[in-house]
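In what follows, a structure is listed as structure tokens, so that the remarks can point back to it.
The values are calculated or read from the model by the stated rules, or taken from the named source; none is laboratory data. Values in this document were obtained by computation on a predicted structure and should not be read as measured data. Every residue, glycine as well, gets a Cβ built from its backbone with ideal geometry; the counts of neighbours run over all protein chains shown. Ligands, DNA and RNA are stripped out before the accessible areas are found, and what is left, the full protein with its side chains, is counted by its heavy atoms. Shrake-Rupley method; radii C 1.70, N 1.55, O 1.52, S 1.80 Å.
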Amino acid sequence: MPLLDVRDLSVVFRRKGARPFAAVDGVGFSVQPGQTVGLVGESGCGKSVTSLAIMGLLPRRGTRVTGEVLFDGSDLLRLRPQELRDRRGRDIGMIFQDPLSSLNPVIPLGLQVAEVLERHQGRTRQAALREARALLDAVGIPDPARRLQEFPHQLSGGMRQRALIAIALACKPRLLIADEPTTALDVTIQAQILTLLKELVDRSGTALVMITHDLGIVAGLCDTVNVLYAGKVVERAGRHDLFADPRHPYTHGLLQSVPRLDADRGGRLHQIRGSVGDNIPWSEGCAFAPRCDRVNDACIGETVPLEPTVRGGALRCTNPVAQEVPA
Ligand SMILES: Nc1ncnc2c1ncn2[C@@H]1O[C@H](COP(=O)(O)OP(=O)(O)O)[C@@H](O)[C@H]1O
Ligand SMILES: [Mg+2]
């Protein structure tokens, strides 16, 4: 049984005077215990809204969430608020993009880590602070005893993100959701944080949902990748298949726009033409059709279904990029 099984998840925002907007539109994916699964796509495609819906963190007013989020067999969308709060932090941890806004600026770091341990694991303050120190050490924060006394603004961006990873992992969750955890950091620090994250989840057997717009991150980290476009999964494949043989023209375009060290010097990077503003509604065809080089009549008129592929993934496309024939 999967640890997390998201089924037909939709999030519709309704605001006065505006048409209802489906930021997430029938998304499904599953995560096995210990597995690392990627959610990839351009900014605005619904990655964060998906993760917030899973965690029950979306505002209730003006938001309609439907579908199922089965964690260990029970539907998180139907838990009472108290039960859900217990699950968060204990069974499911989350790391956000911006480490500064996720930490409380007026509380010393040590107390923020300790608080999680006190609340969810019933530790005493003393024991929690001792463990907080060990956790900061484990995520590579030098001189943890001193750092425990410090406030978030006294730490660098990389150190703050390490601290958030420590908080997220404090209760040894079975699932960690990381939403663009390194986007706000320098490239050199990014690599360190990703390596750390990978080591920690491998060592502890924690399953990881890695949310990113950066295919380079997915390449190094994920077992399975879900590519999102305008609120829907358009392609799902194992990491190796996705990189060797992207079938959806959107995935193909994303891969071609990643800089490669082995490319000719002076060559231009590929761009996907147009922007998400050109999308057509899914009910009228493939939302990506107006930007797609392979568009044909079948792409317009009715929603294109997500269909299983022979290699065990899924694809939502009527005219996929031809599969390379092995030599
Ligand atoms: N609270 C909200 N109310 C209305 N629209 C929202 C809200 N939150 C996000 N959106 C919209 O939902 C879409 C998906 O957003 P998001 O999940 O944040 O994208 P990303 O893939 O970059 O994380 C965007 O068009 C965004 O403007
Ligand atoms: Mg986001």
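General remarks:
- Candidate residues E131, E235, E284: accessible-area rank, largest first, probe 1.4 Å: E284, E131, E235
- Tilt relative to the chain, helix 157-169 - C-alpha long axis, 0 to 90 degrees, to 10: 80 degrees
- Averaging the sequence gap over all C-alpha pairs within less than 8 Å and six or more residues apart, then dividing by the number of residues, gives the chain a relative contact order of 19 percent.
- Under 26 Å from the Cα of K198 - lysines, other chains or at least 8 residues apart: K47, K172
- The Kirkwood hydrodynamic radius of the chain, based on inverse pair distances between different Cα atoms, is 21.1 Å.
- Relative intensity, log₁₀ I(q)/I(0), of region 183-241 from a Debye sum that treats every alpha carbon as a point, q = 0.16, 0.19, 0.22, 0.26 Å⁻¹: -0.57, -0.78, -0.98, -1.18
- Each pair of Cα atoms in region 16-84 enters the Kirkwood radius, and Stokes-Einstein at 4 °C and 1.567 mPa s then converts it into a translational diffusion coefficient of 94 µm²/s.
- Short to long, the 10 Å bins of the Cα pair-distance histogram for region 9-155 hold 9, 30, 31, 23, 6, 0 percent of all pairs.
- Computed over protein heavy atoms with a 1.4 Å probe, the accessible surface of region 4-222 works out to 47 Å² per residue.
- Put K232, K172, K198 in order of accessible area, highest first, and with a 1.4 Å probe you get K172, K198, K232.
- Fraction of accessible area attributable to carbon and sulfur, the chain (%, probe 1.4 Å): 50 percent
- Largest to smallest accessible area among D137, D75, D86 [probe 1.4 Å]: D137, D86, D75
- Estimated purely from DSSP H runs of n ≥ 4, each contributing -39500 (n - 2.57), the mean residue ellipticity at 222 nm for the chain is -9500 deg cm²/dmol once divided by its residues.
- Radius of gyration over Kirkwood radius for region 94-206, both on Cα atoms: the Rg/Rh ratio is 0.93.
- Computed FRET value (nearest 0.05) for H153 with N296, which takes r as the C-beta separation and R₀ as 56 Å: 0.55
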